[in-house]
Structure formats: structure tokens, C-alpha cells
1. Can you give the relative contact order of chain A as a percent, counting alpha carbon pairs under 8 Å and 6+ residues apart?
2. Treat each spin label as a single point 7 Å out from the Cα along the C-beta direction, and report the residue A:76 to residue B:2 distance in nm.
3. As a test of understanding, state the convex hull volume per residue of segment B:1-65 from its alpha carbons, in Å³.
4. Mind telling me which of B:23, B:200, B:96 comes out most flexible in a GNM of chain B, alpha-carbon contacts under 10 Å?
5. Sum -39500 (n - 2.57) across every DSSP H segment of at least 4 residues in chain A, then divide by the residue count to get the 222 nm mean residue ellipticity, nearest 500.
6. Which residue, B:204, B:242, B:73, tops the fluctuation ranking in a GNM of chain B built on C-alpha contacts under 10 Å?
7. Towards the positive end of the charge dipole of segment A:5-240, with charges on Cβ (+1 Lys, Arg; -1 Asp, Glu), say which of A:215, A:33, A:155 has the farthest Cα.
8. What does the charge count near residue A:259 come to, summing +1 for each Lys or Arg and -1 for each Asp or Glu among other residues with Cβ under 12 Å from its Cβ?
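Values quoted throughout were computed directly from the atomic coordinates according to the rules given, and no laboratory measurement underlies them. Nothing here was measured: the structure is a model prediction, and the numbers come from that model. Cβ: placed from backbone, ideal geometry, glycine included. Neighbour counts: every protein chain shown.
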Amino acid sequence: MATLAPTAADTEAAAGGAPAVRLTGIRRSYGAVVAVAGVDLAIGAGEFFTLLGPSGSGKTTTLRVIAGFERPDAGRVELQGVDVTHVAPSQRAVNTVFQDYALFPHMTVAENVEYGLRVKGMRRRDRRVRAETMLERVRLPGLGDRKPVQLSGGQRQRVALARAIVNGPPVLLLDEPLGALDLKLRQEMQIFLKALQQDLGITFVYVTHDQEEALTMSDRMAVFNEGRIEQVGTPADVYEHPQTEFVAGFVGVSNILEREGRRITIRPEKIRMSDEAAGEGEAGTIRSVVYVGMVTRYVVGLDSGGELVVVRQNLETSSQDALSEQGKRVRLSWRPEHTYEIGKEGT
Amino acid sequence: MRTARVRFTGFFWRHRWAKALLLLAPPLLAFALVYLASLVALFLSSFWTVDPFTSEIRHAWNIDNYRQLWQGGAYHSIAFRTIGIAAAVTVADAILAFPLGYFMARIAGGRSRAFAFVAVLLPLWSSYLIRVYIWRLILDHNGVLNWTLQKIGLPAANIGYTNWAVWLIFTYIWLPFMILPVYGALERVPDSFLEASRDLGAGGWTTFRRVLLPLTLPGVIAGSIFTFSLTLGDYITPLLAGGASSQFIGNVVYDNINNQLTPFAAAFAAVPLAVMGVYLLIARRLGAFEAL
């Protein structure tokens, strides 16, 4: 029977300040394709940590290296300060919520949730109780006898969650768990997951390509691009102080200007747009207007070169007003403390 | 002209069954004539008798043939031998096919998978008889097997012309029919299921027993339908490579037809049909037909 002995025992000994997950110099390639090109990362105990990036940026491969499904070509994986680089996934004190949920179709919901406990040799009666408690916790009470095919996508997602956390892992890995759900359900689940994580007090490592999701849920996040981490920080930090052009563009809207040999970025909601006659700020022309309900998004071409996206709340404007503004001459101004200088791409 | 065309296509568009009927009429007709009619003829003739003096078939309905089968101890042992070896062949093929199918479906890359496919299917391109004769040469007392055993200093294995030889040759000959459905079933299991099992703490054996095998069992049963029924109906391998006590149901049927005792042959031939019917019912229960 598989036990978590090597990790469970060592965890307590090593818990003194060691990060929940530490990656050092992780590399992984598939033939000529480099999926992860040198990743260093330390994730603290109890953190909600997000790996954010476009598809193919190496975030999922990094998660799979932590779980043990991929062996890194180089580098070191530590959980609670213990080197698990060469430890099989079944012996690692982590559990995973898979993107496709990976619920066993030949087992009932309860059997799925009990699987980890059963493998560890827990008595039937005890694991029944644990599984039912966990199903209540993910708000699926009484559905234990159903088969996964009889559940909706959102319900399956929560069964996958229950199946992972019932084992009490110190670290939970989530691979785009909300990707297949519709917008409203996804927003509900974001709040639910965040509350669950705080309640359980365990570390969540969460993979997503959705920057809004990352900003909403994370304590800290790492932005991935082409197998490397571009920036690590709190959501506010990453959003307001993007360190590279890629981060500025991927997290939020890419608003980059070159002025006097410096490249600066300004967030769209920090820009004030006024009539040309105001005489303050840079002059330009509204090139396009997109009405998106709560706000209106303007693309303004500046006379001195470059283009900026400006977002304005629709306080008094109607869609008619907004759309009629196309081609209008305006001036844009912003406070210097809201601009951030960024490095060139790839530096 | 145009309206006729519109009406013609419209008819088939409105009446889907007419299209299906047109499509299926030729194969259904052939199936009814060749398959079903011959089976019905077989079944009916099993209730006739043969005049012992003139050797002419008498169309007098009775169950004497079945009574004779029921009372003849020799027929029992022949039937049980046939079913037993067919079952043993099926089990051996399943055990051999699973790792090979696993390699082909989940480990091999494009090139080695193609190579494995050719290797599995290649024997099917040569004649059945030739393959049985080659095995006869291998297993013969002075054959390749004993020659090899002697060279490496082991005692001779005299399995030529025994039930072991029959079992071995059948296992070899029908193996591709097990590998292909098992491969198909293994290929349909997503990687994430096996990863999830390992993630939840299960080792390789537990993952196989609790996840992989239950999900691929329909494929194994689908393959077993081939290996079991093909062995059940065969008479050539027992005839060529078997011994004095290797007679199959098929051999008895063959001998009786040669002795112009067609009704009795028909009655004995109905036994594997009945066995197969029961087997298919069980297989359907286990969901095998979803994997075919």
C-alpha cells in the first residue's frame, strides 16, 4: 500500500520556514521544443499562488513537474524542504485537480472521492464518512451514489476538488480547473475556491491563462512566457508595475509609449481624456470606440506617435453618445506616478 | 426533369427508412440466404435420422441425435476439451495481448507503433495451413524446439501432437484478434485517468487493477469473443498438430459428414453455437459490444 511516509514524516521536521514548493533551475524539453527553460520559484505555505501565461508558456508543464507527471531534464523540486525530484507522484504529498477532471467513469462519485483513502488502506466505514463530509463541503451532499456522467460540468469540477482535498494534502495543484465552465459559474467558483483555500489553510498552486482570474484570486502570481517567468509578485504589483513589455500586455491592456528614448506604460483607467481645447496633455484622435456595458473603451492615436487605450466609466454616457465620438480630437493626460518604465522585450 | 429530381430526392429525404432499406437490401439479402438459411438448415437437419441400411436421410422428426450426444460419454469429453482449450487459449491471448497492446497504445512512438502493427498483422498474410505445419515442425520430437533445448543442455519437451501443442498453436494463431480490440480499448483511456490514480497515491499494480483493467475489460471481452469462437469452431489444428486424444467437436462433425451421418454432425455442430450464444449474452452484460 502506498503511504505518504517519506513526505509526511519529513514535512514536520522540515516545516520550520521551508517553502511549500521550491523549484530550482527547472528545465524540460520535448525533442526540439523547450517547454520550460529554467524556472526558479518559491511558494510559501498557505499561499494562493497562480501560474499565469498564454498556452505553451510552460505553466502547465511546471505544474506537472511539481506533481511528478513530468521529470525535469534539469533542476530540483522540493516540497516542504524535502527534495522530491526523483520521487514518484504516488509518494508526493500533493494532490491535483485536473483540467478534464479525470473522474473515473466506472466508479460512483463517492468511490471517486474515497479512492485516495482506499488506496491508503482506510476502513470502508471511515472513508464513507470522510467522503460524505467532503461532498457536503463542496456543496454536493447526497450525490455520492451517482456516476460522474450524471453530473453537470460544475458538479464534476467540485467532485474532482473533493477527491483531491479529502486526502488532506499540504499543497493542492489546480490545472485550469475552471476552463470548461461558463462565465457566471466560473466567477462563482473563483469566490468559492478562494474561500475554501483560506478555510483549509493549505497551499494552492493554480494554473490559468485568464489574467482576470489570476488577479482576483491570487496572493501572488508568476507570469510565464516562452518557458520562463517574466515577473513574480502580488496581483496589484504585477498589474501596476509590470516589469516587461510582455507582462504589461498580457496582464491588462498593452499601453506602451516611447518618449525621449524611454518606454513607459500607463493603465487605461489611469488616463484622463478631455476636449482638445483643454490645452493640457497630449493631443490625439479617437480611432475607435467599443461600448462594453459598464465602461467604454477608446483607442486614441497620438499626434506625437503611439496609441493608447483609454477606459471610461459610463457614468452619464449612453452607447449612442459613446459611439458618436469616433474621429473626435481629444487630449490625454495622466499623472507621472501612474506611468512605469519598462525594459525592452526579452531583457 | 427538374421536378422529377426534386420529388425523387424529396421522397428519400422525408422517408429516411427508404434510404436505409435501399442501402441495406443487398447485404441483408446475402446475409439471409447464406448465413441464416444455412444455420436454419443445419438446425432442422439435426432432427432427422439416417437409415442405417440405405444411408438415406429420413425426414422423420425426432431428438435421437441429441439423445445420443447426451448419453455418449466420449462426446462429453470432446465437448469439454473443445470448450476448455478455447477458454485456455482466450486466457493466454488476453495475458499476452495486454502488455503488447499497452506498449502500442501508450508507450510506442509513431514509428515503433507502425512496426508493432505490421508485426502483429504479418502472420495473417500467410496461409493458416502453412503456419500450423511450421509449428508442427517446431514441436516435433526431432524439431527445432527439442534441438534447441538439447543444445543448451535441457531435457527434451515432448509436447508435439498433444493438447499442449493444440493450445500453443491456437494461442499463436488467434493472438492478433485479441491484440487489436485490447489496443483500441487501451488507447481510449485518457492519460489523466492514470495520472489521477497515481496522484491519489496508487502504485502501478493498484492503478492497473482498479482503473485500467475495469476500463479496458470490454476490449478484452470483445477480443475473447474472437479467440473463443474461432478456437471453438476449428478442426484443422487438432487434426494436424494434435494427438489421439485431441479431437475437437469440429473433428467429430467432419468425420460424421464423411460417413454420411449429416444429421448427427448437425446436432453436434449446434453445441458450439449454443455455447457461443450463452457467451455472447454474458459478454453483452459486461458491455463488450461498446468496445467493438
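1. On the way: 697 pairs, mean separation 57.5, N = 347.
Averaging sequence separation for qualifying contacts and normalising by length gives 17 percent for chain A.
2. Once both label points are built, they end up 8.2 nm from each other.
3. Details: hull volume 8.4 nm³, N = 65.
About 129 Å³ per residue, rounded to a whole number.
4. Answer for the Gaussian network model of chain B: B:23.
5. Working: 10 runs with 99 residues, N = 347.
Helices in chain A give a 222 nm mean residue ellipticity of -8500 deg cm²/dmol.
6. B:204
7. A:155
8. Details: positive: A:262, A:263; negative: A:258, A:260, A:282, A:341.
Net local charge, residue A:259 excluded: -2.
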